[in-house]
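Worksheet: the structure to be examined is printed underneath.
What follows draws every value from the coordinates through simple rules; no lab data is involved. These numbers come from a predicted model, not from an experiment. Backbone-built Cβ (ideal geometry, glycine too); neighbour counts: all protein chains shown.
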Amino acid sequence: MTKSELDRFRAILTAKVAELERFTRHREGITIDRSADQLEEIQAASERALAVCNLDREFNQLRNARAALRRIQEGNFGTCQQCDEEIHPKRLAAVPWATFCIRCQEAVDNNLDLEEIQAPSHDLLRRAA
Ligand SMILES: [Zn+2]
C-alpha cells in the first residue's frame, strides 16, 4: 500500500472515530426514568434496550476504527490479523476498519451466527410447544 493510500485511510478512520465519539458521548446519558404509567415504562424500557444495542454497535465500530488507526501507525494496516494475507483493497475501501480478510471474516461470522442462532431458537421452540 502506498503512503498516499495510507494517508487516505488515516483521514477516513480519523473522521469515523470523531463521528462515533460524538455519537457515543451523546448516548452516555441513557437514564432510567421512573414513570407512573406502566405502558410508558414498558415503552421506555424497549427504547432503552434499542439505544443500548445501538450504543454497543457504535462502541464496537469505534474500537475497530481505533485499532485500524493503530495498525496504520504500526505499519500492518491492510493485513489480515488471522492469516497475514493482504486484505483486498475493495474490502478496505468498503470497510476501512476491517480486521480480517473476507475469507477469515466469513469464518468468524459463521461461527458467531451458529452460536447466536442456535441458543435462542431452542428457547423459542420450547416456548412455542
Ligand atoms: Zn485472513
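One table, with the values for the structure above:
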| quantity | calculated |
| --- | --- |
| H88 long-range amide H proximity, modeled H, under 5 Å | I102 |
| Charge tally in the Cβ shell below 12 Å around A65, where Lys, Arg are +1 and Asp, Glu are -1, A65 excluded | +3 |
